[in-house]
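Here's the structure, in structure tokens; my notes come after.
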Amino acid sequence: MRWIWVRHGETEANVKGCYLGHIDSPLTKRGYEQAEIVAERIAEIFEKRIPEDVSINDAKSFSSLGEVRLYTSDLGRCTETASIIGKRLAVEATPDSRLRELDFGQWEGRTYDEVMCMDQELMRRWYDDPFTLAPPDGETLNQLGHRVDEWFVEKMDVPLTNRTTGATTDTTYDAETNTSSGTSTDNETKETTEETTEETTEETTEETTEETTEETIIVVTHGGPIRWFQSRWLLQDRAAYWKVAGVPPGEKVIVDYEIGRIRETLIKANRI
């Protein structure tokens with residue numbers, strides 16, 4: 001299974017350096033361009049080429065993959081980005097409020113300096129412990145995490161074994177270098193393959209390819225939920241929330257993992 005996490009394109013509030021949570025801000029011209037670029041790059045990954053004059057329904061025959069699902073935060077900056085991706089991939093986007101950014105409450109629409117002038121002490125305490133402290137009338141990081149976790153677990157209800165070989169693959173993630181290493185735990189696969197005749201192997205490969213088309217889930221969301229996913233699910237350490245490399249507007253993180261094994265995950269950041 002492949003997960004592609006996309007942060008929405010640049011907004012006017014991003015340019016001004018404002019806290020942007022549950023309130024919305026329109027995409028800038030650059031934001032729309034970023035959405036177009038990320039849509040094209042995802043299409044290249046899928047090896048999909050949907051002609052511009054083909055409707056979404058008619059274009060489904062152009063897909064080279066199996067099921068492709070597109071989810072998005074219900075806030076405008078994400079639905080706009082998702083709409084561009086969905087049009088390019090011939091996939092309808094499903095909005096979900098659980099994918100929203102952190103609710104910054106009274107800090108919404110204000111810059112860091114403005115918030116520091118409002119309550120310097122609370123701002124410093126919040127940066128030290130955003131998990132249990134919330135901006136005035138906002139939410140804690142634990143509350144954001146609860147809804148994101150609920151959504152993620154709901155969507156990842158899939159078999160534990162590799163669909164192609166029945167093997168599991170141990171892959172360890174290196175947070176320092178963004179690299180990974182992996183070894184198959186199915187000791188019988190290689191021996192069985194060597195004993196199989198060339199003719200049988202070809203037949204089996206053809207059958208397996210037909211039956212095991214890759215599933216892809218695309219998630220268009222915000223910086224906060226992506227950081228939570230990286231720290232909570234990839235590194236298994238929510239305390240690493242501020243330490244992980246965040247995803248700038250209009251960029252994506254691609255996560256490949258053996259079905260159901262979130263802890264052993266390879267993450268690759270693809271910069272625009």
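The values are calculated or read from the model by the stated rules, or taken from the named source; none is laboratory data. Note that this is a predicted model, so its numbers are computed, not measured. Here Cβ is always computed from backbone atoms with ideal geometry, including for glycine, and neighbour counts include all displayed protein chains.
Condition first: modelled with pLDDT of 55 or more, loosely packed, with under 13 Cβ neighbours inside 10 Å and more than 30 Å from residue 224 (Cβ to Cβ). Now tell me which residues in the range 52-82 satisfy that.
Scanning the range 52-82 gives 52, 53, 66.
Report whether or not residue 203 is part of a helix (DSSP H, G or I) and at pLDDT below 80.
For residue 203, the condition - part of a helix (DSSP H, G or I) and at pLDDT below 80 - is met.
Just one of (1) surrounded by 17 or more Cβ atoms within 10 Å (Cβ to Cβ); (2) more than 13 Å from residue 81 (Cα to Cα); (3) among the acidic types (Asp, Glu) trips up residue 10, so point out which.
Condition not satisfied by residue 10: (2).
Output the residue which, of all residues in the range 87-134 that are without any contact (Cβ under 8 Å) to a residue 12 or more places away in the chain and part of a loop (DSSP other than H, G, I, E, B), is surrounded by the most Cβ atoms within 10 Å (Cβ to Cβ).
133
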